[in-house]
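Visitor: Before we start, here is the structure in question, set down as structure tokens.
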Amino acid sequence: MINVQKLTKKYGKFTANDNISLHVGAGEFAVLLGPNGAGKSTLIKSICGLLRFQGSIRIGKHDSHTTEAKRILGYLPEMPAPYPMLTVSEHMEFIARAYRLTDWEQDAQRLLERFELADKQKKLGKELSKGMQQKISICCMALPKPQAAILDEPLVGLDPYAIRELKSMLLEWKQEGRAVLVSTHMIESVAENWDTVHIMMQGRVVRSCGRNALAEGESLEQLYFSITGGADAAEDPEARHE
Ligand code: ADP
């Protein structure tokens, strides 16, 4: 569903993503881990069509630059950015119109109830707390029912109830056969549901493995520390300059 082939992204002479290939299949919950500066956000932004890059990225059958790819791909950015002058319900209407959805009102209502925004429908984007901004961002991503979804640090700022709902929503998506890719530093937050992990360091994916490849009794956190050494200090700032 999400297919990245030989992706290289440079900022000037600095290589932020170095020949990355990875695949997230339908019904797969993949996790992207790595220390700060490893290149995770660059990879995510490239997949979502926000950056120019070398290589090839396909979403389903579509090249990532096409409208068809963008129609089936959901993206939750690290920093929510609601429209300041749209109300909560207008955000839903805007997304519905942009995606030309039909019969979306009930879905929107259910999502707003699920993320406890139903009684905030008249609030403007600029009046929302950080957590509420994250929740409206989640609702906007979910309304078009994306077949593939990429979430960058999705739990930051959420209250425990919303964390539980988001986790269960992503589990439902996986069971419905959608592809989910989550980038996070909160390893324990994905410990129950992950199928595949991609660990990045210094612009490269240094380890990709499925859950069943873990040693007996080994946790995802232990795997992460065994590979990264547990330190951002592993990063040599000069190593990726030409
Ligand atoms: P991560 O999400 O894993 O923390 P990023 O993809 O944000 O990593 O960054 C990877 C590297 O690319 C970092 O060294 C960062 O400083 C650099 N970088 C990110 N964005 C830019 C940019 N717009 N211009 C130059 N360098 C950038």
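The values are calculated or read from the model by the stated rules, or taken from the named source; none is laboratory data. Everything quoted here is computed from the prediction, not taken from an experiment. FYI the Cβ positions are ideal-geometry reconstructions off the backbone, even for glycines, and counts take in every protein chain you see. Accessible surface is based on the protein model in full, side chains and every heavy atom, while ligands, DNA and RNA are left aside. Shrake-Rupley method; radii C 1.70, N 1.55, O 1.52, S 1.80 Å.
Visitor: Tally time: how many residues in the range 13-22 are polar (S, T, N, Q) and either within 22 Å of LYS167 (Cβ to Cβ) or more than 9 Å from the ligand (Cβ to nearest atom) (or both)?
Guide: Going through the range 13-22 one residue at a time, the tally reaches 2.
Visitor: Hey, another quick one. Of the residues GLN5, GLN54, which is away from the ligand (no atom under 16 Å from the Cβ) and over 25 Å from ALA98 (Cα atoms)?
Guide: GLN5
Visitor: Please give the number of the condition HIS62 fails out of (1) in contact with a helix residue (DSSP H, G or I) (Cβ under 8 Å, 6 or more places away or on another chain); (2) open to solvent by 10 Å² or more (accessible area, probe 1.4 Å); (3) under 29 Å from ALA96 (Cα atoms); (4) within 16 Å of the ligand (Cβ to nearest atom).
Guide: Unmet condition: (4).
Visitor: Name, by its number, the condition in (1) in contact (Cβ under 8 Å) with a residue 40 or more places away in the chain; (2) buried (at least 20 other Cβ atoms within 10 Å of the Cβ) that does not hold for TRP173.
Guide: (1)
Visitor: Is it true that LEU124 is of a type outside the set (Phe, Trp, Tyr), open to solvent by less than 40 Å² (accessible area, probe 1.4 Å) and in contact with a strand residue (DSSP E or B) (Cβ under 7 Å, 6 or more places away or on another chain)?
Guide: yes
Visitor: Another question, if that's okay. For the range 73-107, enumerate the residues that are under 22 Å from the mean Cα position of the chain (by Cα) and of a type in the set (Asp, Glu).
Guide: Answer for the range 73-107, where residues must be under 22 Å from the mean Cα position of the chain (by Cα) and of a type in the set (Asp, Glu): GLU78, ASP107.
Visitor: Can you tell me which residue is nearest to the chain's Cα centre (by Cα) among those in the range 151-165 that are open to solvent by less than 20 Å² (accessible area, probe 1.4 Å) and of a type in the set (D, E, K, R)?
Guide: ASP152
Visitor: Collect the residues in the range 47-68 that are in a strand (DSSP E or B) and in contact (Cβ under 8 Å) with a residue 40 or more places away in the chain, keeping them in residue-number order.
Guide: Answer for the range 47-68, where residues must be in a strand (DSSP E or B) and in contact (Cβ under 8 Å) with a residue 40 or more places away in the chain: GLN54, GLY55, SER56, ILE57, ARG58, ILE59.
Visitor: If the requirement is being of a type outside the set (Asp, Glu), within 14 Å of the ligand (Cβ to nearest atom) and open to solvent by 30 Å² or more (accessible area, probe 1.4 Å), which of these qualifies: VAL182, VAL206?
Guide: VAL206 is the lone residue from the list that is of a type outside the set (Asp, Glu), within 14 Å of the ligand (Cβ to nearest atom) and open to solvent by 30 Å² or more (accessible area, probe 1.4 Å).
Visitor: Starting from the range 23-43, keep only residues that are within 13 Å of HIS198 (Cβ to Cβ) and more than 7 Å from the ligand (Cβ to nearest atom), then list their pairs with residues that are among the acidic types (Asp, Glu) and assigned to a loop (DSSP other than H, G, I, E, B) whose Cβ atoms are within a distance under 6 Å, requiring at least 6 positions of separation or different chains.
Guide: Correct list of pairs: GLU28/ASP195; PHE29/ASP195.
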